[in-house]
1. Please give the number of the condition C:R97 fails out of (1) surrounded by 11 or more Cβ atoms within 10 Å (Cβ to Cβ); (2) over 18 Å from C:I150 (Cβ atoms); (3) assigned by TED's automatic domain parsing to the domain that holds C:P252.
2. Scan the range C:130-137 and tell me whether some residue there is farther than 28 Å from C:T257 by Cβ, more than 10 Å from chain A (Cβ to nearest Cβ) and not in a helix (DSSP H, G or I).
3. Does A:L183 satisfy the condition of being crowded, with 24+ Cβ neighbours inside 10 Å, touching a Gly at 6+ places or on another chain (Cβ under 9 Å), outside any helix (DSSP H, G or I) and not β-branched (V, I, T)?
4. Does the range A:48-56 contain any residue that is over 13 Å from A:L175 (Cα atoms), within 8 Å of chain C (Cβ to nearest Cβ) and in contact (Cβ under 8 Å) with a residue 24 or more places away in the chain?
5. Against the condition at pLDDT below 95 and in contact with a Phe, Trp or Tyr (Cβ under 9 Å, 6 or more places away or on another chain), how does A:E197 come out, does it pass?
6. Considering only the range B:70-80, I want to know if a residue exists there that is at negative phi, more than 14 Å from chain A (Cβ to nearest Cβ) and free of Cβ contacts under 8 Å to residues at least 24 places away in the same chain.
7. Looking at B:V17, B:V46, can you tell me which residue is assigned to a helix (DSSP H, G or I) and in contact with an Asp or Glu (Cβ under 7 Å, 6 or more places away or on another chain)?
8. Restricting attention to the range C:162-192, and to residues there that are among the β-branched types (V, I, T) and more than 10 Å from chain A (Cβ to nearest Cβ), which single residue is farthest from A:I163 (Cα to Cα)?
Amino acid sequence: MPDNFANGTEIEVTNLNLWYGENHALHDISINIPKNSVTAFIGPSGCGKSTFLRCLNRMNDLITSCRTEGNVGINGQAIYTKDVDVVDLRKRVGMVFQKPNPFPMSIYDNVAYGPRIHGAKKNAIDGIVEDALKAGALWGEVSDRLNSPALDLSGGQQQRLCIARTLAVKPEVILFDEPCSALDPISTSKIEDLILELKKNYTIVIVTHNMQQAARISDYTAFFLLGDLIEFGKTEQIFESPKEKATEDYITGRFG
Amino acid sequence: MTRTQYQHNLDTLKRYVIEMGDKSYQSVADSMTSLNSLDVGLAEKVIKGDQIIDEYDLMIEKCVSQLIARQSPTAGDMRLVTSCLKMALDLERMSDLAVDIAKITRCIEKKHTKPFPNVLKMAELGKDMLHQSIVAFDTLDEELARRTAAKDDEVDKIFYESQKELIEMMSEDRSMINNASYLLFVIRYLERIGDHACNICESVVYVASGERADLN
Amino acid sequence: MFSNAKLNEKIAFALLKVATGLVVAFVLVILYYIIYNGYSAINLEFITDMPRNRMTEGGIYPAIMGTTYLIIGSMAVALPLGILSAIYLTEYAQPGRTTWAIEMAINNLAGTPSVVFGLFGLAMFVKYLGFGPSIISASLTLALLILPVIIRASQEALLTVPKEYREASLALGVTKWETIRRVVLPAAIPGMVTGAILSIGRVAGETAPILLTGAAYFLPRLPDSVYSQFMALPYHLYVLATSGTNIAQTRPIQYGTALILLTIVLCVNLVAVSVRSHYRSKMRR
């Protein structure tokens, strides 16, 4: 399993186990995720990839029956110890969801939402919003109607708005949970281009059902099956010569 | 097993390559027989037969394009698909070489001595390598592919020996120059056939293991 | 088989149509009946004047105002209390015995007959807390009566706020309370308003609880404080129709009172509906 990355390691996971009540959903996951790269998690539905993604910003805490064991470190800092402020962690590790979910507010307010609550100065917010929308590759399309409702945007624009909203909080890591599964191919390519652009400044982890998407945009790929991490390696290796038969069966579409 | 249509397309592609391999083998074998027995009729058959092999080449190319465009093969499938394209190229070249040999049968002077044993030995080796490489592809037998490719050393050895013999022959007997120079071409072609068989063996190793081996 | 299915479809559809038609017909008949009998009593004096001559003449102004006070008073208590408990129950309470017990209590409260609330209000507010028969006692009693409705409606409204909004906000490193305040509540307001609409109708129409906690039989003046007794439309109607001095003579006044009561409920509902649609259009979903 690779752990010697050109840009260094961002996330270190050792022996992570997770239970939903009695259901042991993740088994002894150990993986190192590289900095300033795109790492894709692939695997069939229910394999635990989304669950694992949600361990990285502790979104699983919202589920009462969920229990974890093991260590997750982000930039050398353990995130499952008692003294960690979850709210603070989620500022550092942003998340973009499957379904575009802008708030029912204006475009401007959506992006300003996080910085405002986190106490950004009033006169700084205009700049933050503009920068975030530019980094989210949306500025050109919305700069003349920042006060119109976010829900009037198209699905792809909404998703880029959600990315901009996450960027406005200035995270280190951005988790993408199947960000294109509700989008058409053109919007999908725009998001993919954006992700490739973002990896210069952020560490990206993306869960995707679309294997071609993983092949197109990721530097590293991890394959999950039934709660186990089966194989992790450079994307070019995983898609050309996977070592495990299960990986090969899955990425060639012969699974099940 | 899912993706039935996809699997069917892959199976078809593989069958085309194996069939093309058989045809190319037949061409090479027939061209050598025609040369050995100076059978111009058989030589004409080989020359005409090249058309079928070109058709196979085209079919394989179409099949590969369709698979890439519509099924996005990955991993082992992707290695198979790209290798089939390469192997088709090698087989097509071998068949062209067989045509070249057959053309020499047409030109060579009847009164002249038949090809001497070393040339026939080279031909046997080349045919064998071609045959074994196709068997290795059919069964994705990496070991067989490596063993087969190793035989190329012997082909090369005989090639240099024969070359020397032919040149000596020409300097001893000036009347031999015409036919011997034809035979020089023949051994050159046979040597190339061995190289193409090696390429096929490399493709087989890549399909089977993902390793890009240099067996030549 | 096929034609049978088609026939069944037709029968079911016809039944549904008839049922809906019947409901509409009943409403129209009641409305027509009340308007037909009541409109002659309506004039400016009727709604702005005190009752006179043992309630056989004059207006019903104190009763209109009494009912208005009750609506305002009970809403002022029940809305914040109900919405806050709904937020606690929906967003914070861990599922368990206690939560289950609270939910059960609310359900039972919703099913309790209103006269029982009246008796409780009499014992608790009128006697024990010493408010006496008064607007405040009656308002608090009515507030308790509509509390379960408001809690239920608010809970439903909170539950219909998409999980995605909460997740999006939490994932931005925003606390739970800020998330509720800034994202969940604004999105839930239309649903909560619906709950309020339902309860306003009840507050305006309930008779038994106010009868026991402060409604006056006859009081030809406006109450001067929240500790005063008051007149209210439904009780006034009841009095006129059952124990007035001259039931037959006051018939038009009775229908007029009913018409005013209906109009008030209708107006309040209209306001609430427009508030709801205003928020809905702001939400765009």
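1. Checking C:R97 against (1) surrounded by 11 or more Cβ atoms within 10 Å (Cβ to Cβ); (2) over 18 Å from C:I150 (Cβ atoms); (3) assigned by TED's automatic domain parsing to the domain that holds C:P252, the one that fails is (1).
2. Checked the range C:130-137: at least one residue is farther than 28 Å from C:T257 by Cβ, more than 10 Å from chain A (Cβ to nearest Cβ) and not in a helix (DSSP H, G or I).
3. Working: crowded, with 24+ Cβ neighbours inside 10 Å: no; touching a Gly at 6+ places or on another chain (Cβ under 9 Å): yes; outside any helix (DSSP H, G or I): yes; not β-branched (V, I, T): yes.
No.
4. From the range A:48-56, those over 13 Å from A:L175 (Cα atoms) are A:48; that's our starting set.
Filter once more, so that each one left must be within 8 Å of chain C (Cβ to nearest Cβ): none.
No, every residue in the range A:48-56 fails to be over 13 Å from A:L175 (Cα atoms), within 8 Å of chain C (Cβ to nearest Cβ) and in contact (Cβ under 8 Å) with a residue 24 or more places away in the chain.
5. Details: at pLDDT below 95: yes; in contact with a Phe, Trp or Tyr (Cβ under 9 Å, 6 or more places away or on another chain): no.
It is false that A:E197 is at pLDDT below 95 and in contact with a Phe, Trp or Tyr (Cβ under 9 Å, 6 or more places away or on another chain).
6. Here is the first cut: in the range B:70-80, the residues at negative phi are B:70-71, B:73-74, B:76-80.
If we keep only those that are more than 14 Å from chain A (Cβ to nearest Cβ) as well, we get none.
For the range B:70-80, residues at negative phi, more than 14 Å from chain A (Cβ to nearest Cβ) and free of Cβ contacts under 8 Å to residues at least 24 places away in the same chain: absent.
7. Numbers: B:V17 fails: in contact with an Asp or Glu (Cβ under 7 Å, 6 or more places away or on another chain).
On inspection, the qualifying residue turns out to be B:V46.
8. Our first condition is that a residue be among the β-branched types (V, I, T); within the range C:162-192, this holds for C:174-175, C:179-180, C:183-184, C:189.
After this cut, where a residue has to be more than 10 Å from chain A (Cβ to nearest Cβ) as well, the list is C:180, C:184, C:189.
Numbers: C:I180: 22, C:V184: 21, C:I189: 27 Å.
Applying the filter and picking the extreme gives C:I189.
The values are calculated or read from the model by the stated rules, or taken from the named source; none is laboratory data. No experiment lies behind these values; they were computed from the predicted model shown. Ideal geometry is used to build each Cβ from the backbone, glycine not excepted, and the neighbour counts take in all protein chains shown.
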